[in-house]
Every structure is written in C-alpha cells, then in structure tokens.
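Accompanying notes for the structure given below.
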Amino acid sequence: MNLKGGCACGAVRYELAESPMIVHACHCRDCQRITGGAFVINLWIERNLVQVSGEPRSYMLAGGSGKPHEVFFCGSCGTYVWSRYHGAPGDALFVRAGTLDNPESVKPDIHIFTRSKVPWLELPKGALAFEVGYKISEVWPRESLERLEKNKSVRN
Ligand SMILES: [Zn+2]
Ligand SMILES: [Zn+2]
C-alpha cells in the first residue's frame, strides 16, 4: 500500500512507507471537535514510517488517558494531519485518513469511544466496536502486534 496525503494548501505532505498497524475510527468528543465531524479515522503507524515534507505545528490536549494528546496541523491552512498520543504504547503517529489523497484506500478496523457516537450513525454489521477502549493484545492481528512490540523499543 502506498499511502500519500497532505493538508488542504499543500504545505504539509506525507507518505507512509507501510500500511498502518491498525485503523481506528474514534468517536470521542475530542476527535469530533478537532475534526468537526462525527468521528475521526486514524491510521496508527510507526512514526519512522511517515515521511514528512513541511513542518506541521502542534498543541497539547489532555488525552482521555490523562497523558497528553499532541495534535499536529498545518500552520498555513490549519488542516489537522495527525496526532501523537503520549499514553499510547510505542512511538507512533495517528494519521488522519481524511487527509489521504485516496481516503477510500483504508477503512476502520476498530471503532472506539462509541459511547459518544452520534445516534444517527449506524456502524456496519459485525464491526469491531468498543464503548471506550480495548486491550490491544486481545484484538490486534499477530503481525500488527509484532510491529508494535518493535515500535515499543524505539526511544520516544
Ligand atoms: Zn496547509
Ligand atoms: Zn478520539
């Protein structure tokens, strides 16, 4: 998979060297506010696999875990391109699927924080969905778990 994307004005561009470890649809209130949408689609991928041109700016929110949630956006056009969750294991970025050149190339593996999902949105039958979070070791495919283990040993 060759995933590329960028912000609305083109000052920030990125390319993912591999497919994401997992794709989350997050229905939490922060993601609704930040995106202005019903939920966000995040591509969870090792930070060193994201090649970036341009310099996104960032600010810190208090994440749901109590650890900071750092939100990155283009300083020129304000498009939110990714997040870093300091409470998440490993050294990864959560890239916004809506900023991909071809957003249809990914779909959510897991829906989280469905407790604040807007009521008019019905998830597909059989979708993996959790009211809040879940245990990674019980849910992720083996290949992704192996990548996460490697990623945990990278210095933050
Ligand atoms: Zn921009
Ligand atoms: Zn969220």
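The values are calculated or read from the model by the stated rules, or taken from the named source; none is laboratory data. Because the structure is a prediction, the values reported are computed rather than measured. All Cβ positions, glycine included, derive from the backbone under ideal geometry; neighbour counts span all protein chains shown.
Overview of results
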| item | result |
| --- | --- |
| Residues within segment 32-57 that are β-branched (Val, Ile, Thr), within 16 Å of ligand 2 (Cβ to nearest atom) and at pLDDT 95 or above, tallied | 2 |
| Candidate set: segment 65-81, residues that are touching a residue at least 40 places away in the same chain (Cβ under 8 Å) and crowded, with 18+ Cβ neighbours inside 10 Å; chosen: the one farthest from residue 35 (Cα to Cα) | 74 |
| Per-region count, segment 105-132, residues within 15 Å of the chain's Cα centre (by Cα) and free of Cβ contacts under 8 Å to residues at least 40 places away in the same chain | 0 |
| Scope segment 9-31; condition free of Cβ contacts under 8 Å to residues at least 60 places away in the same chain and within 16 Å of ligand 2 (Cβ to nearest atom); matching residues | 30 |
| Residue check for residue 96: away from ligand 1 (no atom under 16 Å from the Cβ), of a type in the set (Lys, Arg) and at pLDDT 95 or above | no |
| Per-region count, segment 5-21, residues within 16 Å of ligand 1 (Cβ to nearest atom) and loosely packed, with under 14 Cβ neighbours inside 10 Å | 3 |
| Any hit, segment 23-40, residues being within 22 Å of residue 143 (Cα to Cα), small (Gly, Ala, Ser) and buried (at least 20 other Cβ atoms within 10 Å of the Cβ) | yes |
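For every residue, the table says whether it meets (1) more than 16 Å from ligand 1 (Cβ to nearest atom); (2) out of contact with any strand residue (DSSP E or B) (no Cβ under 9 Å at 6 or more places or on another chain); (3) within 19 Å of residue 133 (Cα to Cα); (4) among the hydrophobic types (A, V, I, L, M, F, W, C).
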residue	(1), (2), (3), (4)
3	yes, no, no, yes
23	yes, no, yes, yes
51	yes, no, no, no
61	yes, no, yes, yes
66	yes, yes, yes, no
103	yes, no, no, no
109	yes, no, yes, no
